[in-house]
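**Q** Pasting a structure here, questions to come.
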Amino acid sequence: MGYEFVVIAVLFGIVTGIVGRSKGGSFLLWFAIGTVLPGFGLAAAILTRNERTEPERQCPQCGNTVKLYVQICPRCGAELYLPDPSEVRMPPPKRRRFDAE
């Protein structure tokens with residue numbers, strides 16, 4: 001009975017890792033979450049935001065590009081307030097390997 005649970009937990013971990021990685025997260029982190037919490041981990045990976053499509057802005061002090069939801073610049077430590085909408089930019093679409101050149 002314990003063997004079946006381990007197999008199911010590892011399979012959930014793999015699927016959760018794949019979903020989490022497709023949204024810009026760490027495969028190993030999502031694999032661990034999906035293995036420890038099989039159903040809840042997969043649901044969390046599906047419901048989490050996609051990091052690759054989050055709007056970005058530049059830090060006014062050091063010019064570092066950060067996601068819009070970041071409140072303190074990781075490079076210089078400046079507090080970042082909600083910018084003017086004209087300063088927000090969407091990240092460029094990621095090219096896929098199979099797209100025509």
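The numbers here are math on the coordinates, done by the rules we state, and not lab data. Keep in mind that this is a model prediction, so the values were computed, not measured. Glycine also receives a Cβ, built like all others from the backbone with ideal geometry; neighbour counts cover every protein chain displayed.
**Q** Summing +1 for each Lys or Arg and -1 for each Asp or Glu, what net charge is found among the other residues whose Cβ lies under 13 Å from the Cβ of TYR81?
**A** Details: positive: ARG57; negative: GLU79, ASP84, GLU87.
Every neighbour counted, the sum reads -2.
**Q** When ranked by the protection proxy of mean other Cβ atoms within 10 Å per residue, highest first, what sequence do the peptides 78-91, 44-57 form? Let's see the in-between values first.
**A** Details: 78-91: 10.6, 44-57: 13.6.
In decreasing order of mean packing, 78-91, 44-57 become 44-57, 78-91.
**Q** Determine the sum of side-chain charges near MET90: Lys and Arg each +1, Asp and Glu each -1, restricted to other residues whose C-beta is under 10 angstrom from that of MET90. Working shown, then result.
**A** Working: positive: ARG89; negative: GLU54, GLU56.
Taking every other residue near MET90 into account, the sum is -1.
**Q** Using the Kirkwood formula on the Cα atoms of the chain, what hydrodynamic radius do you get, in angstrom to one decimal? Before the final figure, lay out each step's value.
**A** Numbers: mean 1/r = 0.0628 Å⁻¹.
Averaging 1/r across every pair of different Cα atoms and inverting gives 15.9 Å.
**Q** Something else: Just to check I understand the Karplus step: with θ = phi - 60° and J = 6.51 cos²θ - 1.76 cosθ + 1.60, what whole-Hz values come out for the range 49-54, glycine and proline as x?
**A** Couplings: 6, 8, 5, 6, 10, 6 Hz.
**Q** Can you list the HN-Hα couplings for the range 33-40, worked out from phi with the Karplus curve (6.51, -1.76, 1.60; θ = phi - 60°), rounded to whole Hz and with x for Gly and Pro?
**A** Listing the rounded values in order: 5, x, 6, 6, 10, x, x, 5 Hz.
**Q** If we sort 67-76, 18-27 on the protection proxy, mean other Cβ atoms within 10 Å, highest first, what's the order?
**A** Details: 67-76: 12.7, 18-27: 16.4.
Listed from highest to lowest mean packing, they are 18-27, 67-76.
**Q** For the chain, with only Lys/Arg (+1) and Asp/Glu (-1) charged at the beta-carbon, what is the dipole magnitude about the Cα centre, in debye rounded to 20?
**A** Details: 12 positive and 9 negative charges, 48 e Å.
I would put it at about 220 debye.
**Q** How much net charge surrounds LYS67 when only the other residues with a Cβ under 9 Å from the Cβ of LYS67 are counted, with Lys and Arg +1 and Asp and Glu -1? Display every interim value, and only then the final one.
**A** Values: positive: ARG57; negative: GLU51, GLU54, GLU56.
Value of the local net charge: -2.
**Q** Could you derive backbone 3J(HN,Hα) for the range 20-29 from the dihedral phi with the Karplus parameters 6.51, -1.76 and 1.60 (θ = phi - 60°), listing whole Hz in sequence and x where the residue is Gly or Pro?
**A** Ordered by residue, 3J(HN,Hα) equals x, 5, 5, 9, x, x, 7, 4, 5, 5 Hz.
**Q** Run lengths n ≥ 4 of DSSP H only: what is the helix-derived mean residue ellipticity at 222 nm for the chain, with -39500 (n - 2.57) per run over all residues, to the nearest 500? Before the final figure, lay out each step's value.
**A** On the way: 3 runs with 41 residues, N = 101.
About -13000 deg cm²/dmol.
**Q** Quote to one decimal, in nm, the extra length available between ARG21 and GLU51 on full extension: 0.36 nm per residue of separation minus the C-alpha distance between them.
**A** Working: separation 30, 0.36 × 30 = 10.80 nm, distance 1.00 nm.
Stretched fully, the ARG21-GLU51 segment lengthens by 9.8 nm.
**Q** Positive end of the charge dipole of the chain (Lys, Arg +1 and Asp, Glu -1 on Cβ, about the Cα centre): tell me which of ILE14, TYR69, CYS59 has its Cα farthest that way.
**A** In the chain, that residue is ILE14.
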